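The values are calculated or read from the model by the stated rules, or taken from the named source; none is laboratory data. Everything numeric here is computed off the predicted structure, so don't read it as measured data. When we count neighbours, we look across all protein chains shown, and the Cβ atoms used for this are built from the backbone with ideal geometry, even at glycine. All accessible areas refer to the heavy atoms of the entire protein, side chains included, with ligands and DNA or RNA removed. Shrake-Rupley method; radii C 1.70, N 1.55, O 1.52, S 1.80 Å.
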Amino acid sequence: MASLWNTSNPAMADASDPFQLPNIPKFKVALCQLSVTSDKNQNLDRARISIKTAAEQGAKLLVLPEMWNCSYSSEYFAKFAEDFTNEDASPTLSMLSEAAYCHGITIVGGSVPERDHGRLYNTCCIFGPDGKLKAKHRKIHLFDIDVPGEISFKESDFFSAGDQTTIVDTEVGRIGVGICHDLRFPELAALYREKGVHIICYPGAFNMSTGELFWELVQRARAVDNQLFVATCSPSRDSTGSYTIWGHSMLIEPSGEIIATAGHEETIVIAEINYSKIQLQRKSLQLDEQKWEDIYKWIDAHELSP
């Protein structure tokens, strides 16, 4: 699996020490929990207003939800999909670029359906404060679920899976990106930690069943196991779509503590990030020094007898 790793911040380019404090180690982040409708233009307007409001409250990093310009329903994916090879022809990318530049903020642009060579992808685009597209992440782990009597949904019927991890350097830190079901896989988060990521942003849209069971649990696990920040952003519960969305966008610190969380309604969560907490947590509990890699490798290499 290839890694899209943008190193646009020279101050963080020293590969010998993957963890370094960024230029801005303390700042406000905004999680824009939007109510998504079946009207694309209305969704773009809501996002634009939320970005402006968050920026006016001092946010330097902003995260949008999964599928925020499009109802999470199969009938809309292809209809609302955009070709990202021409940013000027993509109303969603144009709006995000303009908003990032206008407000001077970094935007992790949730996810929207992307069309590329006849395939659809569930894609997140990241824009810098200069308005330029810094990276994009295509959802790697597609959400296929069948719980009799509760929910049946197969994302792989509509979308192709991405095949790249995504790490991007920004003025507010080294950001790793995942989308929704990517959150369930600890290997991805561990890779990001190994590469010196400060915060993992997961736009997501968990349903009522998985949301109640796993949403908070897996976020806190990814944060505490890797001793970094985790931010999630969901659509609100009153969004239209093929299933009811859990909501509860969150920011988790490296200790696993919840810094801020939303309810299920449309809202903007504003919270402060201080990356010195990463250093404090790793100094207090030195997990890397306590690992026994040789033992793990031995167990993996030998078939254990019953």
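For beta carbons closer than 7 Å, sequence separation of 6+ or different chains, a first residue in the stretch 77-92 that is closer than 18 Å to ARG138 by Cβ and a second that is open to solvent by 60 Å² or more (accessible area, probe 1.4 Å), the qualifying pairs are PHE77/PHE158; ALA81/ARG115; GLU82/ARG115; ASP83/ALA89; ASP83/ARG115; PHE84/LYS136; GLU87/LEU133; SER90/ASP83.
Within the stretch 280-306, track down each residue that is among the acidic types (Asp, Glu) and at pLDDT 75 or above. Listed by number, the residues that qualify are ASP288, GLU289, GLU293, ASP294.
Out of the stretch 57-75, which residues are within 25 Å of ALA100 (Cβ to Cβ) and either touching a helix residue (DSSP H, G or I) at 6+ places or on another chain (Cβ under 7 Å) or modelled with pLDDT under 95 (or both)?
Initial filter on the stretch 57-75 (within 25 Å of ALA100 (Cβ to Cβ)): 57-72.
Within the stretch 57-75, LEU62, LEU64, GLU66, TRP68, ASN69, CYS70, SER71, TYR72 qualify.
Yes or no: THR244 surrounded by fewer than 21 Cβ atoms within 10 Å (Cβ to Cβ), within 24 Å of ILE145 (Cα to Cα) and not acidic (Asp, Glu)? Here the answer is yes, as THR244 does meet what is asked. Screening ASP144 with (1) touching a Ser or Thr at 6+ places or on another chain (Cβ under 6 Å); (2) under 24 Å from LEU61 (Cα atoms) gives one miss only, at (2).
Residue by residue, here is whether (1) closer than 21 Å to ALA47 by Cα; (2) open to solvent by 70 Å² or more (accessible area, probe 1.4 Å) holds:
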site	(1), (2)
ALA100	yes, no
GLY110	yes, no
ASP116	no, no
GLU150	no, yes
ALA161	no, no
THR166	no, no
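Residues in the stretch 135-146 that are open to solvent by less than 50 Å² (accessible area, probe 1.4 Å) and at pLDDT below 95: PHE143, ILE145.
Scanning the stretch 154-191 for residues that are of a type outside the set (A, V, I, L, M), over 15 Å from VAL230 (Cα atoms) and in a loop (DSSP other than H, G, I, E, B) turns up PHE158, PHE159, GLY162, ASP163, GLU171. Looking only at residues of the stretch 214-241 that are open to solvent by 20 Å² or more (accessible area, probe 1.4 Å) and of a type in the set (Val, Ile, Thr), we find that the one that is farthest from LEU287 (Cα to Cα) is THR240. Going through (1) open to solvent by 80 Å² or more (accessible area, probe 1.4 Å); (2) assigned to a strand (DSSP E or B); (3) touching a residue at least 12 places away in the same chain (Cβ under 8 Å) one by one, CYS125 falls short only on (1). Filtering the stretch 47-74 to residues that are open to solvent by 10 Å² or more (accessible area, probe 1.4 Å), more than 30 Å from LEU142 (Cβ to Cβ) and not in a loop (DSSP other than H, G, I, E, B) leaves ILE49, LYS52, THR53, ALA55, GLU56, LYS60.
Of the listed requirements (1) buried (at least 17 other Cβ atoms within 10 Å of the Cβ); (2) free of Cβ contacts under 8 Å to residues at least 24 places away in the same chain; (3) small (Gly, Ala, Ser), GLY211 misses just one: (2).
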